[in-house]
Every structure is written in C-alpha cells, then in structure tokens.
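Working notes, beginning with the structure itself.
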Amino acid sequence: MSEEQKKSASRARPTTDEFRAFVASGWAPRSTDLPARSEVAPYAAERRAAVSAAFPGQRLVMPAGGLKVRSNDTDYVFRPHSAFAHLTGLGSDREADAVLVLEPMGDSADGGTPGHDGDVGGDGGSPGHEAILYFRPLAGRDSDEFFGDSRYGEFWVGARPTIEDLEAELGITARHIDEFADAVAKDAGQLPIRVVREADAAVAAAVDKARAEAADAVGAAMGEQRLEAEHEADDELSSFLSHLRMIKDEWEIDEMRSAIEGTHRGFEAVIADLPEAIRRGRGERWVEGVFGLYARHHGNGIGYDSICASGDHANTLHWIKNTGDIREGDLLLLDAGVEVDSLFTADITRTLPVSGTFSEAQRRIYDAVYAAQEAGIAACKPGNRFSDIHDAAIRVIAEHLHEWGLLPEGIDVEATLDKEHGQYHRRWMVHGTSHHLGLDVHDCALATREQYTDAQLKPGMILTVEPGLYFKADDLLAPPEFRGNGVRIEDDVLITEDGCENLSAAMPRTADDVEAWIARIWSGRG
Ligand code: GLY
Ligand code: MN
Ligand code: MN
C-alpha cells in the first residue's frame, strides 16, 4: 500500500476514535534497556572539541540531511552527510532530518574567525560548546505517526530510537527536532551562526531566516552583502569540517581496514564468478551484482557506484552503466569499494584478464601502469607533498608513452611533463593519481588547495594511488594491439611516520600475481 493509495479518497481508511484506540492498544511494553555507549563516541567527542576550539562563541549547525524522493512516494535509502556522521559517529541510515548543533556555553560570543590548523584540538581559553542532537524520536503508539505515517511511522519503517536511547549511545544531549527552529533562532542577533548549507536546504533556510530576522530587528541594511558574508562564513565551516577529516584517528583507520578487507572478499567473489559472467552474457551487470552482494553483506553497501568495465568500456573513466558483455580475452577493470556501517569506504581497482592470463600487449600496458603505481607509492611519505605522488607516477607513464613512440614528434619526456606547454601524455591518462579517502570516496574535497594538493603528507592520511593507461578502440595513434584495453591499478595507502602502509597490499598487484590469484581462486584453493 503506497502513501498515494492511502490518501486517495476512494480507498480512505476509517480513522474513528475507536479504531485509533484499537491500534494503540494491546502491545507489550517497550523495553526500557538503554543501548551501550558506542565505541566511536570518545573519538567523535574529540572531533567536536576541535570544531569547538576553532569557532569559539559561535552556534554551529551540522544537519544530517533529509530523505530524497526516488519516485512518487518512495524514497532513496538515507545516508547522512559525512560531516554529521564524523561528528556524531552515526552511520548506516541514521538519522534522517537530524541536526547536530554545537551551542556555545557561557556568554562568549565574539564573532571571531575560525582558527587555523594549529588551533585544532583546543585553544585553552575556549569556553567550549554543548553538543545537542535534534532528531525525530520514536513516536508513541497513540500517535498518528505510529501506524499512519509511511515515511517515519513505526508500522512502515520500524522503531526509531528514543531521546534517552540516543543520549546513552552517543553521549550527546538529544532533543526533539520540533524544538530546533526556536533553538536555532534564539538570540540570533547576539552570536554568529554558521550552517553546513549543502547538507540540508530546509535547515539552511531556517538559519537564513533566523539571521535575517535578527538583522531586521536591529535595522541592519545591505541585505545582499550581509547574505554574501553569511554564506561565506557557512562555506568556511564546511571547508573546516572537510579538512578536519584529513588525518584519520586509530578508530577510523580500523574502519578503513575493515572496508578494505570486505572489498578484497568482494573482488575474490567476482573472480570466482568470471566464467559465469562470460557465460551468461550481460556480464558487467553480473559482476556489479556479485560485488554489491558482498558489499551489502560485509558493510552498509557500496561506497560509490562500482565501475565494472570490460574491454573498451574501461576507457570510459566513469563507466557505471555496467551494461556490457564480458568476452573471453577481455580485460575487466573493476573499480569498487565496500562502505562499512560507519560509512568509511575503500576505493580499489584491479584490472583482471577474464580468461586468466594477459595477452602480451595487455601485459605491456599493465606493467607500465604497475611501474607508475610503484613510483607513486614510493612518493607516499611525510614531508613529500600530495602532488608529488602524481608527479612521480605520471613521469613513469610519460616515459613509457615516449618509449612506445606515442608522443608527438619532437616531444620527449621533459617536454610532455611541462605543465604549461606539454601534457600530451594526458591523452592516455587524463585523471589525477590520488585523492584522500574516508567517509567520502573523494574525501576532504572542500579543503583548500594549500591544505590539499600543495600540502605536505602527514601520518594518518589515507589516500589512493591509482595511475592508469587507456587506449580507446578508435584511437588511431595507439598501436592496434593496445586498442580497446584500459588498465588502472588503485590501492589505498596510509601515510605512516616513516613512509606508508599499503592497506590493500593483500590484494595481488603484479601481472604475475594477478594471474596466480585468478588461477588459485578458480582451482578452489582460494
Ligand atoms: N572510484 C572513483 C575513483 O577512483 O576515484
Ligand atoms: Mn579513487
Ligand atoms: Mn576507484
């Protein structure tokens, strides 16, 4: 029964007082046991302390986001905004429409600007904030919501936590979402308010309204300029929260290890089923489904749409249609990652010869990409800059393209690497070699260039190293035997005190090791 059907006059259900009383009665008492404090709670508290120290005296509003309609009365599965997940520790599908507010304690509103890196972790003088989580708690059985609300009601989507449940689980003060609008508007003229705008348009609008009313109350002029300044302040908060995720704590690193372990299993399940994927036809879909099954079983699901690209499809960088066949002799480029319940995701690519062995041409391409990846991984160490990883890998790519005679006449390796006048190699590898990885597959994306591309690598960062070479079937500059083959190798790397740890090293990478891996799985030796 859909919401529309339920609303339609011809199908209207009786809602007499007698019926309501009947539905509300006859249930066993609810359990009064409170959930245990979650393992992530102390880590989330530290993250909130860093935010508090950077924005003293300011009201900070971090929404989870709302449900999105898929069609008619059917919603997509909910996934909270990553800043909200990071600061609360809530993962999987929790909690639609919730809003985390860091409310300054004391009367310290100073309108100050956010602290820079060095301030994270506390400035000693900060009066701090109280974390308050506004959310929609479990409704009583005597409410209309209980049986009548297909979006939130217990009959339709299951029981929600109570206020006491969430406080016990997270160690955060919790309040009913109905109190949020008044709370966010309270004393709005007395203290700066910032909101993560992109997380929830309705919450951003509520903050805008509160700020506008406060400005009107004191007759503040220049509405446009005020709005622009407020939105800039909001963007500053979003950027800070994105950058805050760049150094992973030990709990996050463990979550990443689990995501990678699940991804490893998913890849092995795909390898085991390659003959079946070929036999059935529409093999890319089969691969997508098999990986998705393992992702859903190990964790929350896939961390991004899997790229299951066979043959020439591998040369379409974001091939997520996955509508093609897989044919004997093809390379299958599988770029996929498991997202665990905490929402941390792996991002791994292996390029697999679907018949078990690489052709000579496929192996030449593969070995070049592998050499580039080795150079990129070697550059993953503290003191190097993020951009050094790409520079190291792309040099190896350029060397191979030059050796194969593919660069234009008169263009050598140095000439193509010239950032202003070269870059010819990009015809065959257009993308970057690395990105930060974590709650978002492209994590920390709102950090500034200084904090990201130009920044030094530091222990605790997790990033991908993923060079590739792509020779389209219709690329007349490529050797005929290369055409229709695309190769990428992608691993997830943790920067350590003295270098790095390849977190996905257990998944074979060299051409020989990949062939042996496939043979081992097909022989049943796992
Ligand atoms: N899977 C997307 C990427 O590798 O960045
Ligand atoms: Mn990636
Ligand atoms: Mn990837």
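The values are calculated or read from the model by the stated rules, or taken from the named source; none is laboratory data. Computed from a predicted structure; not experimentally measured. Here the Cβ positions follow ideal geometry from the backbone for every residue, glycine too, while neighbour counts run over all protein chains shown. Ligands, DNA and RNA are excluded from the accessible area calculation, which covers all protein heavy atoms including side chains. Shrake-Rupley method; radii C 1.70, N 1.55, O 1.52, S 1.80 Å.
Measuring r between the beta carbons of D367 and L293 and using R0 = 22 Å, the FRET efficiency lands at 0.10. Accessible area per residue for the chain, computed on protein heavy atoms with a 1.4 Å probe, is 46 Å².
PRE reach from L476 (point 7 Å along Cα→Cβ): which of region 396-431 fall under 14 Å by backbone N? From region 396-431, the list is empty.
For the chain, taking a cut-off of 4.7 Å between Cβ atoms, the unpaired cysteines are C308, C444. Relative to the longest principal axis of the Cα atoms of the chain, helix 386-403 runs at roughly 30 degrees. Computed from Cα positions, the angle between helix 360-378 and the longest principal axis of the chain comes to roughly 50 degrees. Can you tell me the orientation of helix 511-522 relative to the chain, as the angle in degrees between its alpha-carbon axis and the longest Cα principal axis, to the nearest 10? Around 70 degrees separate the two axes. With semi-axes defined as the square roots of five times the eigenvalues of the C-alpha gyration tensor, the equivalent ellipsoid of region 138-207 measures 28, 16, 12 Å, largest first. Computed over protein heavy atoms with a 1.4 Å probe, the carbon and sulfur contribution to the accessible area of the chain reaches 50%.
Volume per residue of the convex hull around the Cα atoms, evaluated for the chain, comes out as 205 Å³. The modelled label-to-label distance for the pair D249/L67, using points 7 Å beyond Cα in the direction of Cβ, is 3.2 nm.
Each residue of region 324-332 is assigned a 3J(HN,Hα), and the resulting list reads x, 7, 10, 10, 3, x, 5, 8, 10 Hz, derived from the Karplus form 6.51 cos²θ - 1.76 cosθ + 1.60 (θ = phi - 60°), x at Gly and Pro.
The slack in the chain from T316 to Y43, taken as 0.36 nm per residue of separation less the alpha-carbon distance, amounts to 94.3 nm. Distance from the Cα centroid of region 141-212 to that of region 355-404 is 49 Å (rounded to whole angstrom).
If you plug the beta carbon distance of A378 and T16 into 1/(1 + (r/R0)^6) with R0 = 56 Å, you get a FRET efficiency near 0.15. Across the cross-link table entries K248/K381; K68/K209; K248/K458, which are compared at the Cα atoms, the separations over 20 Å belong to K68/K209. Based on the Cβ-Cβ distance of A229 and D187, what FRET efficiency does E = 1/(1 + (r/R0)^6) give at R0 = 25 Å, to the nearest 0.05? In this case the efficiency is close to 0.85. Here's the picture: a label point sits 7 Å out from the Cα of E328 along the beta-carbon direction, and within region 346-383 the residues with their amide nitrogen under 11 Å of it are 355. Estimated purely from DSSP H runs of n ≥ 4, each contributing -39500 (n - 2.57), the mean residue ellipticity at 222 nm for the chain is -11500 deg cm²/dmol once divided by its residues. Centre-to-centre, using Cα atoms only, region 295-352 and region 37-92 are separated by 27 Å.
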